[in-house]
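Read-outs throughout are calculated quantities, based only on the coordinates presented, and are distinct from any laboratory measurement. Please read all numbers here as calculations on a predicted model, not as lab measurements. When we count neighbours, we look across all protein chains shown, and the Cβ atoms used for this are built from the backbone with ideal geometry, even at glycine.
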Amino acid sequence: MEPGLDLHREGGVATLTLRNPAKRNAMTTEMWRRLPIVLDRLTADGDVRALVLTGSGETFCAGADISSLREGTAPQRLAVAAEEALAAFPRPTLAVVRGHCVGGGCQLAAACDLRFAAEDALFGVTPARLGIPYPAAATARLARLAGPSTAKYLLYSAELINAERALRVGLVDEVLSADALPGRVAEFTATLTARSRLTQAVAKEFVDAASLTAPGGPPGEREAHWAQQAQVSGETAEGVAAFLERRAPAFPWHP
């Protein structure tokens with residue numbers, strides 16, 4: 001079966017499942033491309049009251065399919081577009097995380113309104129392993145959620161943190177046992193669908209607006225500058241090649 005996005009509806013809750021089991025649900029270029037299309041369709045469906053984003057099997061998402069990064073910058077642009085489409089989805093969104101939630105997977109989870117995690121969940125933001133500049137909007141969103149220090153810790157080191165630490169720093173909202181997680185998600189989404197849609201819409205707009213009042217990521221020209229530097233320096237090419245060749249990278253860029 002080809003990697004893809006599986007959509008299931010039950011009552012007013014839509015569940016979107018990332019499916020690429022051979023690569024721990026890593027996002028392919030086509031999965032990034034399709035996500036905004038699916039979200040547009042759900043937005044147009046007035047019966048959808050809440051959206052759950054999760055991964056198939058025992059993992060959420062291991063990030064972008066690294067082999068796709070050899071296609072150039074297109075997959076990165078598609079990933080940013082998908083993340084922004086998810087953040088802009090007009091109804092409550094809940095990421096349900098089991099296992100690895102890394103790189104692009106963490107981008108998607110952070111773009112949701114809320115995050116519930118199993119006790120075995122692991123979170124990481126790993127572009128430093130590949131020499132990839134992390135997108136400005138994603139960096140700002142991560143810093144707002146977990147604070148500047150934790151955002152720098154994750155981005156500088158590319159290390160993984162467990163669910164308990166993610167809860168402590170604000171990256172997730174609830175941590176439950178793997179057995180308890182499905183029941184809690186069902187209970188919580190039932191609560192969401194029973195509440196005022198108007199209140200929820202206003203709350204989403206006002207909370208998001210308030211969180212954006214503080215200075216965000218660098219201006220667009222600086223993001224473009226660093227994307228160009230990553231390309232001409234060979235940092236990204238070396239990082240991706242080292243990953244695929246299963247060796248330690250020798251990053252060439254020096255300030």
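When each of 1, 31 is scored by the number of other beta-carbon atoms lying within 10 Å, the sequence from fewest to most is 1, 31.
Put in order of Cβ neighbour count within 10 Å, fewest first, the listed residues 61, 101, 112 become 112, 61, 101. Here is how the number arises for the chain: DSSP H runs of 4 or more residues each give -39500 (n - 2.57), the sum is divided by the residue count, and the result at 222 nm is -14500 deg cm²/dmol. Taking other Cβ within 10 Å of each residue's Cβ, how do 247, 144 sort, fewest first? Least to most surrounded, the residues fall as 247, 144.
Restricting to the chain, what percent of DSSP beta bridges are antiparallel, rounded to 5?
Expressed as a percentage, antiparallel bridges in the chain total about 30.
Computed from phi, the 3J(HN,Hα) profile of the range 150-166 under the Karplus parametrisation 6.51, -1.76, 1.60 (θ = phi - 60°) reads 5, 4, 5, 4, 5, 6, 5, 9, 6, 7, 9, 10, 7, 5, 4, 5, 4 Hz, with x in place of Gly and Pro.
Classification of the range 1-83 by its C-alpha gyration tensor yields an oblate form. The axis ratio a/c (a ≥ b ≥ c) is 1.5 or more, and b/c is at least a/b. Rounded to the nearest whole Hz, the Karplus-based 3J(HN,Hα) values (6.51 cos²θ - 1.76 cosθ + 1.60, θ = phi - 60°) of the range 92-106 follow the sequence x, 10, 9, 8, 10, 10, 10, x, 6, 9, 10, x, x, x, 5, with x at glycine and proline.
Evaluating 6.51 cos²θ - 1.76 cosθ + 1.60 at θ = phi - 60° for every residue in the range 46-51, the Karplus couplings come out as x, 7, 7, 9, 7, 10 Hz, glycine and proline recorded as x. Would you mind classifying the range 152-255 by shape? Square roots of the alpha carbon gyration tensor eigenvalues, ordered a ≥ b ≥ c; an a/c under 1.5 is rounded, otherwise it is prolate if a/b is larger than b/c and oblate if not. Oblate.
So if we plug the beta-carbon distance of residue 222 and residue 84 into 1/(1 + (r/R0)^6) with R0 = 25 Å, what FRET efficiency do we get, rounded to 0.05?
On the way: r = 18 Å, r/R0 = 0.73.
For R0 = 25 Å, the calculated efficiency reads 0.85.
Between residue 211 and residue 250, residue separation times 0.36 nm minus the direct Cα-Cα distance comes to 10.2 nm. Taking amide H as placed 1.01 Å from N in the peptide plane, residue 115 has its amide H under 5 Å from the amide H of 95, 173, 174, each at least 5 places away in sequence or on another chain.
Kirkwood radius for the chain, taken over all pairs of different Cα atoms as the inverse mean of 1/r, rounds to 18.6 Å.
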